[in-house]
1. Anything in the stretch 53-63 that is more than 16 Å from the chain's Cα centre (by Cα) and either buried (at least 18 other Cβ atoms within 10 Å of the Cβ) or not in a loop (DSSP other than H, G, I, E, B) (or both)? List them, or say none.
2. How many of the residues in the stretch 122-141 are farther than 18 Å from Glu68 by Cβ and either open to solvent by 90 Å² or more (accessible area, probe 1.4 Å) or of a type in the set (Gly, Ala, Ser) (or both)?
3. Given Asn7, Asn23, which one is open to solvent by 60 Å² or more (accessible area, probe 1.4 Å) and modelled with pLDDT under 55?
4. Only one of Ala107, Ala99 is touching a residue at least 40 places away in the same chain (Cβ under 8 Å) and surrounded by fewer than 14 Cβ atoms within 10 Å (Cβ to Cβ). Can you tell me which?
5. When you scan the stretch 118-132, how many residues do you find that are within 15 Å of Gly82 (Cα to Cα) and without any contact (Cβ under 8 Å) to a residue 40 or more places away in the chain?
6. Within the stretch 69-78, which residues are open to solvent by 60 Å² or more (accessible area, probe 1.4 Å) and among the charged types (D, E, K, R)?
7. Within the stretch 71-97, restricting attention to residues that are under 20 Å from His118 (Cα atoms) and aliphatic (A, V, I, L, M), which residue is modelled with the lowest pLDDT?
Amino acid sequence: FDHSWANKMEEDHDFMVISLENNLQLTAYYIYDEKGHWPKSGSRINISFPDGSQKHIGEKDIKFKIIEIWQSGVTDKNYRLGWDIAIPHENIHLQLTPAFHQQEVSAMGMEFWMGLAHVKADISGKKSYGKSFLMLQGYEK
């Protein structure tokens, strides 16, 4: 899904793959500036519906809210671990919570938070649950 291992993307970003028990799947990119501020042009979500159809949602139709920031005791980097994501036009509301905090990885001279998060979803008034893989770049205060 993501290709930022080999070299750093031009934009700083956080990346999420979300899979729900109702077979809805989403891929989200949260793009921010070098100080960790959003929005920066290019944030998006791709939705794969259970029937196989897909929809691409641009930043103007997404509401990202950070509900938890965790600071690594090893690198002092800050990571956005808790997320509240809404796509109002699709009646989708997601809440992502990390399975546990210490999932920071150091590879190729870069630090990332890569790991599992639990997902609670409300899709058009129906509850659903799932899992998410997060790859977060982190930022310094």
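1. So the first thing to find is which residues in the stretch 53-63 are more than 16 Å from the chain's Cα centre (by Cα), and the list is 53-55, 60.
Across the stretch 53-63, the qualifying residues are Gln54, Lys55, Lys60.
2. 7
3. Working: Asn23 fails: modelled with pLDDT under 55.
Answer to the check: Asn7.
4. Among Ala107, Ala99, only Ala107 is touching a residue at least 40 places away in the same chain (Cβ under 8 Å) and surrounded by fewer than 14 Cβ atoms within 10 Å (Cβ to Cβ).
5. 2
6. Asp76
7. Step by step, filter the stretch 71-97, then rank; the result is Leu81.
One line per residue, one yes/no per condition, for (1) among the polar types (S, T, N, Q); (2) within 11 Å of Gly138 (Cβ to Cβ); (3) assigned to a loop (DSSP other than H, G, I, E, B); (4) open to solvent by 30 Å² or more (accessible area, probe 1.4 Å):
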position: Asp51; (1), (2), (3), (4): no, no, yes, yes
position: Lys65; (1), (2), (3), (4): no, no, no, yes
position: Arg80; (1), (2), (3), (4): no, yes, no, no
position: Ile85; (1), (2), (3), (4): no, no, no, no
position: Phe112; (1), (2), (3), (4): no, yes, no, no
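The values are calculated or read from the model by the stated rules, or taken from the named source; none is laboratory data. Everything numeric here is computed off the predicted structure, so don't read it as measured data. Virtual Cβ from ideal backbone geometry, glycine too; neighbours counted across all protein chains shown. Accessible surface areas use protein heavy atoms only, side chains included; no ligands, DNA or RNA. Shrake-Rupley method; radii C 1.70, N 1.55, O 1.52, S 1.80 Å.
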